[in-house]
Structures are given as C-alpha cells and as structure tokens.
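Encoded as structure tokens, the structure appears first; notes follow it.
The values are calculated or read from the model by the stated rules, or taken from the named source; none is laboratory data. Here the structure is a predicted model, which is why all the values come from computation and not from measurement. In this analysis, Cβ positions are derived from the backbone assuming ideal geometry, glycine residues included, and neighbour counts consider all displayed protein chains.
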Amino acid sequence: MKAVVVYDFSTGLSHVLEMLSVDFDGHEAVDGEDFNPFNSCITGPDLPWEDPLCADARLDGDLDGDQSDVGLFHQCLSGPGISVAPGCIH
Ligand SMILES: [Ca+2]
Ligand SMILES: [Ca+2]
C-alpha cells in the first residue's frame, strides 16, 4: 500500500492518504506498465492468490483475482503520464 501526504490549506493540517495499489511502479499514473504485473495475479473466481507478490493486487479485499479486481483496476486506469484519479485514493 502506498501513501501520499496531502496538505489541507483550510485547516493547516496534513493528512496521509493510502492509495489503492494499482500504481505498481509508483509513478502516480496507472497505465499499461501497471497492468502487466496486475494481470499476472489474475487467478479466476474463488481461486486464491498463491504468489505473495500478488498481495497488492487484492483490490476487492478478498483472496481471489477475479473480474471484480479487474473492474476496480480499470476504474483507476489513468493512462501514461496522467495522475491517478482522486477516486482511487482513500
Ligand atoms: Ca504506474
Ligand atoms: Ca477478488
């Protein structure tokens, strides 16, 4: 899980936000370079992840790599050089 620090000018406070782990290379854009490692973790419905490196690909929070995870990845797909969408930060 990656994190970013956001400064709120209205309150003068900084907040640490956790980001969904779809930005596998840490470049703050979600593109094809992130899809390749994510895609290698797709197992199918009810088939649990075996590779511990796939822990970051658990986008829907359960143990399999299925269409639900793929859907969440596509919601966060921004494109090369384009920052990840605000909805992909929580
Ligand atoms: Ca990326
Ligand atoms: Ca899943």
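Conditions tested, residue by residue: (1) more than 16 Å from ligand 1 (Cβ to nearest atom); (2) among the acidic types (Asp, Glu); (3) under 13 Å from Asp23 (Cα atoms); (4) at pLDDT 90 or above.
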{"position": "Ile42", "(1), (2), (3), (4)": "yes, no, no, yes"}
{"position": "Pro52", "(1), (2), (3), (4)": "yes, no, no, no"}
{"position": "Asp66", "(1), (2), (3), (4)": "yes, yes, no, yes"}
{"position": "Gly71", "(1), (2), (3), (4)": "yes, no, no, yes"}
{"position": "Pro80", "(1), (2), (3), (4)": "no, no, yes, yes"}
{"position": "Ser83", "(1), (2), (3), (4)": "no, no, yes, no"}
{"position": "His90", "(1), (2), (3), (4)": "yes, no, no, no"}
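Please go through segment 59-90 and pick out each residue that is part of a helix (DSSP H, G or I), away from ligand 2 (no atom under 16 Å from the Cβ) and under 10 Å from the mean Cα position of the chain (by Cα).
From segment 59-90, those part of a helix (DSSP H, G or I) are 67-76, 86-88; that's our starting set.
Still in the running and away from ligand 2 (no atom under 16 Å from the Cβ): 86-88.
Once the filter is applied, which keeps residues that are part of a helix (DSSP H, G or I), away from ligand 2 (no atom under 16 Å from the Cβ) and under 10 Å from the mean Cα position of the chain (by Cα), segment 59-90 yields only Cys88.
Taking the stated definitions as given, is Asp56 on the phi < 0 side of the Ramachandran plot, acidic (Asp, Glu) and at pLDDT below 90? Explain how you work it out, then say what you get.
Numbers: on the phi < 0 side of the Ramachandran plot: yes; acidic (Asp, Glu): yes; at pLDDT below 90: yes.
Yes.
Within segment 36-58, how many residues are in a loop (DSSP other than H, G, I, E, B) and either charged (D, E, K, R) or within 14 Å of ligand 2 (Cβ to nearest atom) (or both)? Quick ask: steps written out before the conclusion?
The initial filter retains those residues of segment 36-58 that are in a loop (DSSP other than H, G, I, E, B), namely 40-47, 49-51, 58.
Cutting the leftovers down to either charged (D, E, K, R) or within 14 Å of ligand 2 (Cβ to nearest atom) (or both) gives us 41-47, 49-51, 58.
Total meeting the criteria: 11.
Within segment 20-35, can one find any residue that is small (Gly, Ala, Ser), more than 15 Å from ligand 2 (Cβ to nearest atom) and surrounded by 14 or more Cβ atoms within 10 Å (Cβ to Cβ)?
Keep residues of segment 20-35 that are small (Gly, Ala, Ser), which gives 21, 26, 29, 32.
Keeping just the survivors that are more than 15 Å from ligand 2 (Cβ to nearest atom) gives 26, 29, 32.
Checking the rest, the ones that are also surrounded by 14 or more Cβ atoms within 10 Å (Cβ to Cβ) come to 29.
Yes, some residue in segment 20-35 is small (Gly, Ala, Ser), more than 15 Å from ligand 2 (Cβ to nearest atom) and surrounded by 14 or more Cβ atoms within 10 Å (Cβ to Cβ).
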